[in-house]
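Take a look at the structure set out below.
Each value in this text was obtained by applying a stated rule to the coordinates, not by laboratory testing. Quantities reported herein were computed from a predicted structural model and do not represent experimental measurements. Counting neighbours? That spans all protein chains shown, and the Cβs are built from the backbone with ideal geometry, glycine included.
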Amino acid sequence: MATVTIKNVWKYYGDTPAVKDLNITCPDGSFVSILGPSGCGKSSTMRMLAGLEHISAGDIHFDDVRINDLAPKDRDVAMVFENYALYPHKTVFENIANPLRLRKADDTQIKDRVTSAAKLLEIDHLLERRPHELSGGQKQRVAIGRAIVREPKLFLFDEPIAHLDAKLRAHMRGEIKHLQRQLGTTMIYVTHDQLEALSMADYIAVMHDGELQQWGTPSEIFNHPVNAWVAGFVGEPAMNFLTCDVVGEGDGVNLKHKNFEIPLLPHQARQLNGAAALGTARMGVRPDALDISMTKPDEASIEGEIFVNELLGGDLLVEVELADSRIRVKTTPEFVGNPGETCHLTVNRDKWHVFDAGDGHAYF
Ligand code: ADP
């Protein structure tokens, strides 16, 4: 187990920075997810942690040991990749045992560790099979087993379940989280899938374009995104954004749009802190922070026209056309309203957000 400290770390490929001044501290025993779209620098960060890529600038410490110049084999980390990289001609037992054989561990220790890892992963009945006789999920467990037997300080998982089908992915999410809890080993888990990060991690580092956007618990990232980029990336269906005029001042500030004028709550007006002078801002509201009805509930409601209804299992997603955009509302399948009809939306103002129209930072 180890506390992992990434301090002012940069990665350059030629003149191009792929990771820019990254600062993250992963507490000992925690499950940390690095989340971001393709190309944001997640794998470069992992590879620097594993020692597969040179650190261009900055320092990485495991506890109080600076590991910048340590060879991969001396870092005591175990990696699991999306491609499991199993030896096709070796049995499951020998695939899992491989790192211990490389270390010249004795046979009794190998047998003990492989058997207990296989039991933990519920693949102990498959030990004599070869990889081609396994399903995708089973192969991934073998790759994880191979990481576990090393009893490393740190697990690095790089999109380990991205290629599995949706049902198996959902199952493996729970399995990996449970496993990390049981072992108590610090885990850094890279993914582009916000649902994976939200459901598994103790802390999430959201990256975009080589830069850390936000560090926080899943609830902080989801409920209090620091900018419009994080707000738009995290959450499915995605947050709705509408550009509004900011009118009024002091405690009496309204967001004004062609379809509505809604007052901010007094503490929210204060958080805007004079930005009203800027003229416009971006309102952000998640589909489940809107109520929809066919009758007008009050003056601050938003009038629109139903564009389409989509039934998503237990929820109904209604897409509503406004003067210059469409927004999506999550409601129940009992909602009665058809495309083309006028509807009214009410914003839950405890759950909405206002972002700067320029740099996108969140006022609240
Ligand atoms: P992610 O894992 O988030 O998809 P990467 O860390 O793989 O992102 O890549 C970050 C950026 O660095 C991308 O623009 C990518 O094209 C670039 N990059 C990654 N590896 C190399 C490399 N070996 N040489 C040059 N550029 C690279």
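Among the listed pairs Lys42/Lys90; Lys90/Lys177; Lys139/Lys167; Lys20/Lys351; Lys167/Lys351, which are separated by more than 23 Å between their Cα atoms?
Lys42/Lys90; Lys90/Lys177; Lys20/Lys351; Lys167/Lys351
Using only the alpha-carbon atoms, how far is helix 107-120 inclined from the longest principal axis of the chain? Give it as 0 to 90 degrees, nearest 10.
20 degrees
What's the magnitude of the charge dipole for the chain around its Cα centre, counting Lys and Arg as +1 and Asp and Glu as -1 at the beta-carbon? Answer in Debye, nearest 20.
That gives the chain a dipole magnitude of about 1520 debye.
Quickly estimate the mean residue ellipticity at 222 nm for the chain, helices only: each DSSP H run with n ≥ 4 gives -39500 (n - 2.57), and the total goes over all residues, rounded to 500.
Mean residue ellipticity at 222 nm (helix-derived): -7500 deg cm²/dmol.
Residue farthest toward the positive end of the dipole of the chain, with Cβ of Lys/Arg at +1 and Asp/Glu at -1: which of Gln182, Pro152, Thr91?
Thr91
Which cross-chain or sequence-distant (5 or more) residues have an amide H under 5 Å from the amide H of Val354, H modelled 1.01 Å from N in plane?
When sequence neighbours closer than 5 places are left aside, the close amide H contacts are Gly284, Tyr363, Phe364.
Taking region 287-364, which GluC sites (Glu not before Pro) meet the DSSP loop condition and have no more than 16 other C-beta atoms within 10 Å?
Those satisfying the criteria are Glu299, Glu334, Glu341.
Helix 92-102 against the longest principal axis of the chain: what's the angle in degrees, Cα atoms only, rounded to the nearest 10?
70 degrees
Pull up all non-local amide H partners of Leu154: gap of 5 or more, or a different chain, and H-to-H distance under 5 Å with H placed in the peptide plane.
Result for Leu154 returns Ala78.
Between the alpha-carbon centers of region 236-255 and region 38-73, tell me the distance in whole angstrom.
41 Å
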